[in-house]
Amino acid sequence: MSAKKQSAAQNPDEEKRLKDKKNLALEIIARLKKEYPDADCTLDYNQAWKLLVSVRLAAQCTDARVNVVVKGLYEKYPSVAALAAADVEDIEAIVKPCGLGHSKARDISACMKMLQEKYGGNVPDDFDKLLELPGVGRKSANLIMGDVFKKPAIVTDTHCIRLVNRMGLVDGIKEPKKVEIALWKIIPPEEGSDFCHRLVNHGREVCTARTKPYCDKCCLNDICKKNI
């Protein structure tokens with residue numbers, strides 16, 4: 001008997017638990033598709049490097065504010081080369097309204113320099129190479145992989161982590177990487193990116209964090225585990 005089959009035979013309860021979560025995930029995905037058919041990234045961008053910049057600025061800042069701030073940034077620095085050559089202080093002066101201006105400006109500058117020097121100004125379509133870029137973590141790398149390169153991705157932002165715990169897709173897991181790994185086991189790869197975007201919409205409109213969730217108008221009310 002193979003190690004995989006032996007493991008399954010020795011853990012029938014775990015196998016059933018995983019199967020139940022997969023079935024729950026498929027039903028949640030189907031319902032959210034109907035509820036939010038046009039869900040997409042709410043950061044404005046038309047080039048991969050701009051999404052890298054925006055997602056770094058979005059840390060502890062709203063996407064709406066980022067979308068306003070980057071307009072001024074791109075007017076002054078319209079390319080990877082231009083932004084790579086810019087002084088960190090000049091970048092900071094523009095992005096300061098997004099908060100954490102110095103660290104964000106430093107990361108953006110270093111990231112653009114690396115793109116320019118190592119990749120000819122292009123954004124690599126490899127997850128591990130993205131993680132090597134300054135200021136880029138797993139959430140950012142997954143966003144780029146899914147939205148730009150249309151590859152399987154799971155973006156574990158605060159909405160995702162909160163909702164999948166409430167729904168019962170994961171059990172009390174708060175660490176982003178661990179949530180991502182758990183979701184990879186139950187979410188079809190081709191659904192991951194759009195599913196996470198829909199969680200953002202649902203988290204903002206219905207399954208809110210700062211107020212009591214609007215369970216009475218939730219399309220998942222009858223199947224959600226309601227771990228609130």
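Some notes on this structure:
- Acute angle (nearest 10 degrees) that the helix 12-35 long axis makes with the longest principal axis of the chain, alpha-carbon atoms: 60
- Estimated purely from DSSP H runs of n ≥ 4, each contributing -39500 (n - 2.57), the mean residue ellipticity at 222 nm for the chain is -17500 deg cm²/dmol once divided by its residues.
- Among the listed pairs Lys185/Lys226; Lys129/Lys226; Lys177/Lys217, those whose Cα-Cα separation exceeds 29 Å are Lys129/Lys226; Lys177/Lys217.
- Set of aspartates and glutamates near Lys21 by C-alpha distance (under 14 Å), chain-local residues within fewer than 8 positions excluded: Asp13, Asp171
- Against the main long axis of the alpha-carbon atoms of the chain, helix 158-167 sits at an angle near 10°.
- Alpha carbon centroid spacing (whole Å) that separates segment 76-152 from segment 162-228: 28
- 12 Å beta-carbon shell around Tyr214, net charge (K/R +1, D/E -1): +1
- Point-charge dipole on Cβ atoms (K/R +1, D/E -1) for the chain, about Cα centre, debye to 20: 720
- Most mobile of Thr42, Thr211, Thr158 in a GNM of the chain (Cα contacts under 10 Å): Thr211
- Applying 0.36 nm per residue to the separation of Glu190 and Asn122 and subtracting their alpha-carbon distance, the gain on full extension is 22.0 nm.
- Among Pro97, Pro134, Pro12, the residue with the largest mean-square fluctuation in a Gaussian network model of the chain, with springs joining Cα atoms closer than 10 Å, is Pro12.
- The angle separating the long axis of helix 48-57 from the principal Cα axis of greatest extent in the chain is about 80 degrees.
- Leading residue at positive end of dipole, the chain (Cβ point charges), from Leu199, Leu143, Val68: Leu199
- Under 22 Å from the Cα of Lys76 - lysines, other chains or at least 8 residues apart: Lys50, Lys96, Lys104, Lys113
- Label separation (Lys19 vs Asp171): 1.7 nm, computed from points 7 Å beyond Cα along the C-beta direction.
- Measuring nothing but alpha carbons in segment 48-137 and taking Rh as the Kirkwood radius, the Rg to Rh ratio lands at 0.93.
- The chain, relative contact order [Cα under 8 Å, separation at least 6], %: 20
- Diffusion coefficient, µm² s⁻¹, Stokes-Einstein with Kirkwood Rh over alpha-carbon pairs of the chain at 20 °C and 1.002 mPa s: 113
- Selection from Val95, Ala110, Leu52, by position along the positive dipole direction of segment 48-137 (Cβ): Val95
None of the figures in this text is laboratory data; all of them are computed from the coordinates on show. On a predicted model such as this, the values are computed, not experimentally measured, just so you know. Because the Cβ atoms are built from the backbone with ideal geometry, glycine has one as well, and the counts that use them run over all protein chains shown.
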